[in-house]
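The structure appears below as structure tokens.
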Amino acid sequence: MPNSHPTTLLAEVTHRCPLHCPYCSNPLEMNRASEELTTEAWKRVFTEARELGVLQLGLSGGEPLVRPDVEELAAHARALGLYTTLVTSGVGLTERRAARLREAGLEHIQISIQDSDQAVADRIAGMSAVPQKLAAAAIVRSLGFAFSINVVLHRANIDRVSEIIEMAASLGADRIELANTQYYGWALENRQSLMPTRSQVEAAGAVADEAIARYRGRMQVLYVLPDYHEAYPKPCYGGWGRHYLVVMPDGRTLPCHGATHITTLRFDSVRDRPLRWIWEESPAFEAFRGDAWMREPCQTCPRKEVDFGGCRCQAFALTGEAANPDPVCTLTPLRRIIDTAVQEATGPPDYRYRVLTPTSERA
Amino acid sequence: MPLTAASVPALWRLARLDFDPVRQQRVLLYPEGVVLLNNTGGAILELCDGHRSVAEIAGILNDTYHCDVTADVIEYLSGLVERDLVRAE
């Protein structure tokens, strides 16, 4: 049984998306439109989530705006008292839809930006989306939403982190999240092309630190460290099955959006089970709660209360065993896997783009 | 600038104070974040309307707690100012 209420639900309402970013956090095998939960099913999920204690809702995807019912879902979430974020590429966020979302009580919109350099942004997105994103940003700003910009950092854009921050400020963002690429799914496929060098990472960190101080009070600057370049792993959303749930388009429910890659676990669906049962009793959520599952050096390590052994999805993806220590940790011999990956990441930017039917399509 | 009795605190524009019937406690909600508030914290934040000064907020709470809570209010709000969740003029 969990010892806490969940606080956050990420609702991946669809996997459909006009963009093809090669670092997408969606799984390689994505759900089709015909597999997606209906409007009524999503509303039920949100109601059950609120009853479980969820306070934060992310309406995400894919591109959530490809669904015509996002306004209805946002209104339902607001009526439940949830603080809702629309996580969007900006593509499809017309003035009309944005006004309806405002009316529905949506509070926060996060728009992704690929780069301040339009040619590189287009190459990453696999399409030209910049004009639509800029227009969407202006609409979000004018309607008074809480407004965040999200940027995934990688080798091809990390040297422009200063220009990217300036761009967010000029668009009137309240917040900018600079998130170094996390290597799961599509990003793991493209790791050789995406991973920055150590000197790039250090330079970007210094720029971000300076910007955090300089923009304080005007725009919140958040910098998510690249874990491959850290000594200790990240704490997995405060621990597996402690605060966070993800519902996929088809209703399967995960403790983390990267968890589908753990093929040794079976994830129950809200189509078959109440969300409360999934949270409190399902084997997948129970699997890595507490510390009985931990191996050495985690089991006897004081840091197990800090990072909970790191990321289970990363442990599985890189070592084949989800119960292993996260190989990012320098206290485990598994660390050599990370060090080798960092050394080998020198390939050309030859991306395998995100597509709904995975093929070996290349630029 | 450190918070004083004359400061006028207000919640961050992006934050919303609410009551959670599941946990039976007040909560502060903001983009990607939640603060679960104890009774005292909730009572202080409910009075942060961007008009009342810290001294006025403390004055209202002094009656409830039957002592001078000004220093406690300053300490509590300073922590939230540090986290950018409260702005003080």
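The values are calculated or read from the model by the stated rules, or taken from the named source; none is laboratory data. For clarity, every value in this text was computed on a predicted model and none was experimentally measured. Neighbour counts run over all protein chains shown; Cβ positions are idealised from the backbone, glycine included. Calculation scope for accessible area: heavy atoms of the full protein, side chains included, ligands and nucleic acids excluded. Shrake-Rupley method; radii C 1.70, N 1.55, O 1.52, S 1.80 Å.
Under the condition of being in a strand (DSSP E or B) and within 15 Å of A:Val13 (Cβ to Cβ), which residue from region A:68-108 is farthest from the other protein chains (Cβ to nearest Cβ)?
Taking the candidates together, the pick is A:Thr88.
Listed residues A:Gly258, A:Gly290, A:Gly309; which is open to solvent by 30 Å² or more (accessible area, probe 1.4 Å) and either out of contact with any strand residue (DSSP E or B) (no Cβ under 9 Å at 6 or more places or on another chain) or under 21 Å from A:Thr7 (Cβ atoms) (or both)?
The unique qualifying residue is A:Gly290.
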Answer residue from region B:40-89, given it is in contact (Cβ under 8 Å) with a residue 24 or more places away in the chain, charged (D, E, K, R) and within 14 Å of chain A (Cβ to nearest Cβ) and is nearest to B:Ala5 (Cα to Cα) among those: B:Glu89
Just to check your reading of the model, which residue among A:Leu59, A:Leu80 is modelled with pLDDT of 95 or more and crowded, with 24+ Cβ neighbours inside 10 Å? A:Leu59
Lone qualifier among A:Asp115, A:Asp122 - being open to solvent by 20 Å² or more (accessible area, probe 1.4 Å), of a type outside the set (Gly, Ala, Ser) and within 25 Å of A:Arg160 (Cα to Cα): A:Asp122
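Being in a helix (DSSP H, G or I) and either in contact with an Asp or Glu (Cβ under 9 Å, 6 or more places away or on another chain) or among the hydroxyl-bearing types (Ser, Thr, Tyr) (or both) is the filter here, so list the residues in region A:126-140 that pass it.
Listed by number, the residues that qualify are A:Val130, A:Ala135, A:Ile139.
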Would you be able to say whether some residue in region B:16-32 is touching a residue at least 24 places away in the same chain (Cβ under 8 Å) and at the interface with chain A (Cβ under 9 Å from one of its Cβ atoms)? yes
Quick one: how many residues across region B:5-15 are open to solvent by 40 Å² or more (accessible area, probe 1.4 Å) and either among the basic types (Lys, Arg) or facing chain A (nearest Cβ under 7 Å) (or both)? 1
Taking interchain pairs and intrachain pairs at least six residues apart, which have beta carbon atoms under 8 angstrom, with the first residue in region A:110-123 and farther than 15 Å from A:His20 by Cβ and in contact (Cβ under 8 Å) with a residue 40 or more places away in the chain and the second among the hydrophobic types (A, V, I, L, M, F, W, C) and part of a helix (DSSP H, G or I)? A:Ile113/A:Ala121; A:Ile113/A:Ile164; A:Ile113/A:Met167; A:Ile113/A:Ala168; A:Ser116/A:Ile164; A:Ser116/A:Met167
For region A:28-46, check the following and say yes or no: at least one residue is in a helix (DSSP H, G or I), surrounded by fewer than 22 Cβ atoms within 10 Å (Cβ to Cβ), at pLDDT below 95 and hydrophobic (A, V, I, L, M, F, W, C). yes
Which of the numbered conditions does A:Leu65 fail, given that it passes all the others? Conditions: (1) without any contact (Cβ under 8 Å) to a residue 40 or more places away in the chain; (2) within 14 Å of chain B (Cβ to nearest Cβ). (2)
Being open to solvent by less than 10 Å² (accessible area, probe 1.4 Å), more than 14 Å from chain B (Cβ to nearest Cβ) and of a type outside the set (A, V, I, L, M) is the filter here; which residues of region A:134-156 pass it? A:His154
A:Asn26 is checked against (1) within 14 Å of chain B (Cβ to nearest Cβ); (2) within 21 Å of the chain's Cα centre (by Cα) and fails just one. What number does that condition carry? (1)
Could you please find all residues in region A:254-280 being within 13 Å of A:Asn31 (Cβ to Cβ) and either β-branched (Val, Ile, Thr) or in contact with an Asp or Glu (Cβ under 6 Å, 6 or more places away or on another chain) (or both)? A:Thr260
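For region A:157-199, which residues satisfy the criterion of being among the small types (Gly, Ala, Ser) and open to solvent by 30 Å² or more (accessible area, probe 1.4 Å)?
Listed by number, the residues that qualify are A:Ser162, A:Ala169, A:Ser170, A:Ser199.
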Just to be sure I understand the filter: pairs with C-beta atoms under 7 Å, separated by 6 or more residues or on different chains, first member in region A:35-59 and closer than 13 Å to A:Thr8 by Cα, second member among the small types (Gly, Ala, Ser) and assigned to a loop (DSSP other than H, G, I, E, B). Which pairs pass? A:Arg50/A:Gly81
